[in-house]
Amino acid sequence: MTASVLGIEEVLRSRRRRRTVAAVELGLAILVVSLLVVTVLSPILNPFQEILAAALAVLAGALTSLAYYHSEVLPAVPSRYRLMVEVLPEAAESTGLSELERKLLAHIAEHGVLRPAELADEWDVTPFAITSALLRLERAGYIRIRGLTWE
């Protein structure tokens, strides 16, 4: 329910697609402009220099595309909400959980209500990390989201 309510996975998937398309477009634009410059300068360049300049244009386009793709930051995660959560019996046999996931399970078992923004400040982690951990716990079948209220 968390993923469907918050739409985090869909947001990440669509942003990744848009980021890929934008990176390819930017790389192609750099390549086209660079090749245009090489074409304009071709009367004063010898064939070896033309080939070298064209290869550098391809490299510039590819590196610009990669740099843009990797410089994109994660989307802002809605953090001002309150979740009513219950720990399921399967959580007793949980193994291989991260420290954050164990802390979340303990907090949920004790309180039943979770405010990711407050926990993020208290535990010195990002709200995105808490939301991601919640998604992993729900997918693994350790918790069930009973309700969500925006604050």
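Bear in mind that the values in this text are calculations on the coordinates, not laboratory data. Keep in mind the model is a prediction, meaning the values are calculated, not measured. In this analysis, Cβ positions are derived from the backbone assuming ideal geometry, glycine residues included, and neighbour counts consider all displayed protein chains.
I'd like the distance between the alpha-carbon centres of region 108-149 and region 28-59, rounded to an integer number of Å.
53
Assigning unit charges at the beta carbon (Lys, Arg +1; Asp, Glu -1) and nothing else, what dipole magnitude in debye, to the nearest 20, does the chain show about its Cα centre?
Working: 15 positive and 17 negative charges, 86 e Å.
In debye, rounded to 20, the chain gives about 420.
When the chain is fully extended, how far beyond the present Cα-Cα distance does Glu86 get from Leu63, taking 0.36 nm per residue of separation? List each step's numbers first, then the result.
Values: separation 23, 0.36 × 23 = 8.28 nm, distance 4.75 nm.
Stretched fully, the Glu86-Leu63 segment lengthens by 3.5 nm.
Roughly how many nanometres apart are two label points built 7 Å out from the Cα toward the Cβ at His70 and Ala129?
Each label point is offset 7 Å from its Cα along the Cβ direction, giving 2.3 nm.
So for the pair Val40, Ala106, with labels modelled 7 Å out along Cα→Cβ, what separation do we get in nm?
Here the answer is 6.5 nm between the modelled labels.
How do 134-146, 96-108, 34-46 rank on mean C-beta neighbours within 10 Å, highest first? Numbers along the way, then the final one.
Details: 134-146: 17.6, 96-108: 15.8, 34-46: 12.2.
In descending order of packing, they fall as 134-146, 96-108, 34-46.
What number, in nm² with one decimal, is the all-direction average of the projected area of the convex hull of the alpha-carbon atoms of the chain?
Taking the Cα atoms of the chain, their convex hull projects to 12.2 nm² on average.
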